[in-house]
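The values are calculated or read from the model by the stated rules, or taken from the named source; none is laboratory data. Note that the structure is predicted; figures quoted are calculated from it, not measured. Positions of Cβ are generated from backbone atoms using ideal geometry, with glycine treated the same way; all protein chains shown enter the neighbour counts.
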Amino acid sequence: MVDWLNAIVDALLYYQIRDVKKSIYNVNDHRSQLTSLARTTFWDVIEKMTLTQANENRDEINTKVETVLDKETDSYGVEVLRVEIQKIPPPKDVQEAMNKVVKAEQEKTAAQDLETAFETKADGEAKAIKLVNEAADKYFKGNAQILKKLETVEKSLRNNSKIVVSSDSELVNVVRNLSGVVPVEKK
């Protein structure tokens with residue numbers, strides 16, 4: 001199914017009177033005749049086009065309309081100098097549909113971004129849990145009290161809380177080893 005153009009074409013028509021006698025005696029009101037002829041000519045040229053085709057081929061449409069009008073208005077004593085399509089706004093229902101499509105695409109993008117953020121957060125939490133489990137397996141087998149302290153540190157780090165731990169604590173050594181921090185030697 002082809003969606004033929006059903007829009008109002010806003011165009012300018014530049015002309016010059018070449019023969020005053022013809023413009024007065026051969027036609028009754030050359031302006032209204034030019035306007036009517038321009039409307040029907042535009043319709044003939046673009047009636048089988050889609051909105052996209054009409055917008056993409058404006059120069060071609062202008063040239064065709066100008067050629068036809070110049071030929072047809074010769075008996076009016078008028079020369080058509082130029083035809084310019086100013087705009088071809090889509091019909092209201094088409095514009096509304098286009099707006100809905102744009103909105104849907106923006107919502108889809110936002111949902112995908114949100115999904116990516118959730119996945120990234122979940123990946124980070126999974127890595128943190130994996131590191132805690134690895135540390136527990138490596139350093140705390142049989143030492144539940146230190147493991148509980150590490151879990152408390154993990155929870156406080158997740159909530160951006162601050163905790164104070166003694167520098168000679170086993171927990172500091174474990175965190176230091178996991179994070180790759182090298183202690184500074186005292187002088």
Next item on the list: Could you identify the single residue in Asp59, Asp10 that is among the acidic types (Asp, Glu), touching a strand residue (DSSP E or B) at 6+ places or on another chain (Cβ under 8 Å) and within 26 Å of Met98 (Cβ to Cβ)?
Entry: Asp10
Margin query: I'm trying to understand the selection: among the residues of region 42-56, which are in a helix (DSSP H, G or I) and either over 28 Å from Ile24 (Cβ atoms) or out of contact with any strand residue (DSSP E or B) (no Cβ under 9 Å at 6 or more places or on another chain) (or both)?
Written below: Trp43, Asp44, Val45, Ile46, Leu51, Thr52, Gln53, Ala54, Asn55, Glu56
Note to self: Suppose we filter Lys108, Lys92, Lys149 for residues that are at pLDDT 70 or above and loosely packed, with under 10 Cβ neighbours inside 10 Å; which single one remains?
What the structure shows: Lys92
Notebook entry, point to check: Restricting attention to region 32-44, does a residue exist that is of a type in the set (Asp, Glu), farther than 12 Å from Ile85 by Cα and assigned by TED's automatic domain parsing to the domain that holds Tyr76?
Noted result: yes
Next item on the list: Quick one: in region 63-82, of everything that is surrounded by 15 or more Cβ atoms within 10 Å (Cβ to Cβ), touching a strand residue (DSSP E or B) at 6+ places or on another chain (Cβ under 7 Å) and in contact (Cβ under 8 Å) with a residue 24 or more places away in the chain, which residue is farthest from Asn28 (Cα to Cα)?
Entry: Val65
Margin query: So for region 52-59 (the condition being closer than 25 Å to Leu34 by Cα, in contact (Cβ under 8 Å) with a residue 60 or more places away in the chain, exposed (fewer than 11 other Cβ atoms within 10 Å of the Cβ) and of a type outside the set (Gly, Ala, Ser)), does at least one residue qualify?
Written below: no
Notebook entry, point to check: Considering only region 3-23, how many residues are assigned to a helix (DSSP H, G or I) and surrounded by 14 or more Cβ atoms within 10 Å (Cβ to Cβ)?
Noted result: 2
Checklist line | Residue list for region 25-51, restricted to those being free of Cβ contacts under 8 Å to residues at least 40 places away in the same chain, more than 22 Å from Pro90 (Cα to Cα) and either surrounded by 17 or more Cβ atoms within 10 Å (Cβ to Cβ) or not polar (S, T, N, Q) (or both) | finding: Tyr25, Asp29, Arg31, Leu37
